[in-house]
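Engineer: Attaching a single structure in structure tokens format; questions to follow.
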Amino acid sequence: MIRVVIVDDEALVRSGFTLILNATDDIRVVGTATGVDALEVIKAEKPDVLLLDIRMPQVDGLTLLGVVDTLPDRPAVAMLTTFDADEYVMAALGSGASGFLLKDTEPEQLAQYVRALAAGGVVLSARASRTLLDAHPGLSRTVDAEADRVSTLTDRERQVLALVAHGLSNAEIAGRLYLGSGTVKDHVSAILAKLGVASRVQAALAAQRAGLLDDRAVES
């Protein structure tokens, strides 16, 4: 059973996400909180996955993310965002978040995202990614350079990168491509080096901005 904690200052978001996720057979929301009491709930429940509002009035998500990152049983974290909070997304990804998704994510996709996070994958909302690019011209200037770096990947590395962006863990990629886990780990390390990024999330974003993935692939 995948244990989830939801932190958001809006009661409607907390209750809606809880209802959606608890309707599945393999996911349970074991706690919800606002930013003020979030850390206490996270420490008590030790979730596998934390869905964290990126922007809250008293204790914001970025501050809380920094504290969560120091916990011995650190959960996988995805930031919850709306279009008006996109300026915080890149900071969150740089601080260890495993991705971000919109608060109006479709119910069936929400469960898929949680499963991907629990398996060690990344989650990227394609719509939020596009808005992030549009809102930050500086990111757009990196597209050509990233496309050049993506083009240096071998066919196998491009396959692995696409599955990373789909949210698959190394073990799941190994099973999909009939490779050893060690081989996949080596491929991922080579991909990060060639793209000049430090994390799977950054690699997936670079692939998306370079046009390697279509919207359906990123959202699936």
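Engineer: List the lysines whose alpha-carbon lies under 29 Å from that of Lys103, not counting same-chain residues fewer than 8 positions away?
Structural biologist: The qualifying lysines are Lys43, Lys46.
Engineer: Within 10 Å of each residue's Cβ, count the other Cβ atoms and sort Met56, Met79 from fewest upward.
Structural biologist: Taking fewest neighbouring Cβ atoms as first place, the list is Met56, Met79.
Engineer: Also, quick follow-up: Name the GluC sites (Glu not before Pro) in the stretch 1-95 that are in a loop by DSSP and that have at most 13 other C-beta atoms within 10 Å, would you?
Structural biologist: Passing sites in the stretch 1-95 are Glu10.
Engineer: Tell me, what is the FRET efficiency for Ala44 and Ser189 to the nearest 0.05, using R0 = 41 angstrom and their Cβ-Cβ distance as r?
Structural biologist: Calculated transfer efficiency: 0.70.
Engineer: Taking Cα pairs under 8 Å and at least six residues apart, what relative contact order does the stretch 1-96 come out at, in percent?
Structural biologist: For the stretch 1-96, the relative contact order is 27 percent.
Each value in this text was obtained by applying a stated rule to the coordinates, not by laboratory testing. Keep in mind the model is a prediction, meaning the values are calculated, not measured. Note that each Cβ is placed from the backbone with ideal geometry, even for glycine, and that neighbours are counted across all protein chains shown.
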